[in-house]
Amino acid sequence: MTRSLFGTDGVRGRTNAYPMTAEVAMKLAAAAGRYFRRDQQEHRVVIGKDTRLSGYMLENALTAGFTSTGMNVFLLGPVPTPAVGFLTRSMRADVGVMISASHNPAEDNGIKFFGPDGFKLSDEAEAEIEALMQGEVTLAHPQRIGRAKRIDDSGSRYIEYVKTTFPRQLRLDGLRVVVDCANGAAHRVAPAILWELGADVIPVANTPNGLNINENCGSTHPEAAAAKVRDTRADVGLCLDGDADRLILIDETGRQVDGDQIMGLIASRWKADGRLSGDTLVTTVMSNLGLERHLNSIGVNMERTKVGDRYVVEKMRDGGFNLGGEQSGHIVMTDYATTGDGLVAALQVLAAMVETGQSASKLSRVFKPVPQALHNVRYKAGSDPLTADAVQQAIADGEKALAGSGRLLIRKSGTEPLIRVMGESEDRALLAKVLKSICDAVEQVG
């Protein structure tokens, strides 16, 4: 059974164009409702969203689809993606839904599903839901149509939970923290969590209007937060994305710190404390070779997966590991959460700063990165540049040139019509030449 609607992180696309239409959302919810509603007992679904204008439309469409199959819907309002995973379990729901396109612009949106255990659905479950959409979904008897209810304290529930992941004996008193909320789902909860733990909080991009999510802010545009850290002489900056499941750090000098360094810091501390399950960190093929070398030097194994935090989590669950993530800032700690959680990861870094008394800049220089470059090349819908002979030849030539001194990773984005061209090498000039050749070949074909 194959999937065509679902990508690497749910269903995603430009709003009001297939597949991100109200019609598709309603059919998808009806199919998911039928998939999860397998008896006559009460069945629940929780639905969260970020701050995109289109969230209202999709929320209503999903509600209609789920209630039509007899499921009761609990509307959480704007909450981070990890809050949906947490509340799915906490509220004993059969399924959780997050309406978000993560770090994408406001014109895009997406739908992610969580199972009753709070983890994202497997490829197989998504394929079964797609198959149900192709037929006639059996609707509920009129007397068994579901009800919808808005949950007003969902943010407060998540705030209290996240605070429990911070060491009880510690406080953030005296720390000045800039937090960039990306005008997204964490615009209320992130400043509240930090303030309640004692920090002097300086919020950035925390006034969403439905159209400004991720716009020149957040984890993909951390420049404004870096400037604010320097201007206010803050101790650290925390940059979240639109649904707050990823974190990019800004040290006190304004330097950006990616997910690899954050994972390296947490893995090193957990290894020293005996907390790192299997002495293993799970990450993706995108993570820097320097991270792998550092981990090996301290007796930690690094398992790589294909790109996508869901695949990281699958590997973690299969191997019984409790730490994983992505260079982009998805940090997954299954002791605390079922998916990437930017705020929980941030509290791990802040705890390290408090416990050691060291600055963010010192703590976050865990390893020396191997020079790495990533280029995104857009292609026309319907084309497949990676199958073209010219592109294949450029990739083969590049691999030959970098043999023994670096590596290449060429792949399609799972969420946008982009070819991601990444390479690593100690020879920066050679790396730039190789990547340019491949990008030029993709552009000519695509």
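The values are calculated or read from the model by the stated rules, or taken from the named source; none is laboratory data. The model shown is predicted, which means the values in this text are computed figures rather than measured ones. Don't worry about glycine lacking a Cβ; one is built from the backbone with ideal geometry, like all the others, and counts go over all protein chains shown. Each accessible area value is taken on the protein alone, full model and side chains, heavy atoms only, with ligands, DNA and RNA left out. Shrake-Rupley method; radii C 1.70, N 1.55, O 1.52, S 1.80 Å.
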Is the chain rounded, prolate or oblate when judged by the Cα gyration tensor, a ≥ b ≥ c being the square roots of its eigenvalues, rounded requiring a/c under 1.5 and prolate requiring a/b larger than b/c?
oblate
What's the carbon and sulfur percent of the chain's accessible surface, probe 1.4 angstrom, rounded to a whole number?
47 percent
Considering only DSSP beta bridges with both partners in the chain, what is the antiparallel share in %, to the nearest 5?
55 percent
What residues from the stretch 385-407 fall in the zone where the backbone N is under 12 Å from a label point 7 Å along the Cα-to-C-beta line of GLU443?
none
Take GLU223 and ARG255, extend 7 Å from each Cα along the Cα→Cβ direction, and tell me the distance between the two endpoints in nm.
2.1 nm
Rounded, prolate or oblate (a/c below 1.5 giving rounded, otherwise prolate when a/b exceeds b/c) for the stretch 360-400 by Cα gyration tensor
oblate
Using Cα-only point scatterers and the Debye equation, what is log10 of I(q)/I(0) for the stretch 41-163 at each q in 0.20 Å⁻¹, rounded to two decimals?
-1.21
Within a Gaussian network of the chain (alpha carbon springs, distance under 10 Å), most fluctuating of ALA403, ALA360, ALA199
ALA403
Where both partners of a DSSP beta bridge lie in the stretch 276-418, what percent of those bridges are antiparallel, to the nearest 5?
40 percent
Is it possible to state the helix-based mean residue ellipticity at 222 nm for the chain, with each DSSP H run of 4+ residues giving -39500 (n - 2.57), the sum divided by total residues, to the nearest 500 deg cm²/dmol? What is it?
-11500 deg cm²/dmol
Of GLY404, GLY299, GLY340, which is the most mobile in a GNM of the chain whose springs link Cα atoms less than 10 angstrom apart?
GLY404
With the crude spin-label approximation of a point 7 Å out along Cα→Cβ, what separation in nm comes out for ASP318 versus GLN41?
3.1 nm
Be a star and scan the stretch 57-82 for residues whose amide nitrogen sits under 17 Å from the point 7 Å along the Cα-to-Cβ vector of ASP152.
74-78
Can you list which of the GluC sites (Glu not before Pro) found in the stretch 94-155 are DSSP loop residues with at most 11 other C-beta atoms within 10 Å?
GLU136
Compute the signed sum of charges (Lys and Arg +1, Asp and Glu -1) over the other residues within less than 15 Å, Cβ to Cβ, of LEU418.
+2
Could you list the GluC sites (Glu not before Pro) in the stretch 381-446 that lie in coil according to DSSP, counting only those with at most 16 other Cβ atoms within 10 Å of their Cβ?
GLU426
Residue separation times 0.36 nm, minus the C-alpha to C-alpha distance between THR232 and ASN216: what's the value?
3.8 nm
If contacts are Cα pairs under 8 angstrom and at least 6 residues apart, what is the relative contact order of the stretch 359-446 in percent?
40 percent
Which of the trypsin sites (Lys or Arg not before Pro) found in the stretch 309-388 are loop residues per DSSP with 10 or fewer other Cβ atoms within 10 Å of their Cβ?
LYS380
Of ALA352, ALA396, ALA186, which is the most mobile in a GNM of the chain whose springs link Cα atoms less than 10 angstrom apart?
ALA396
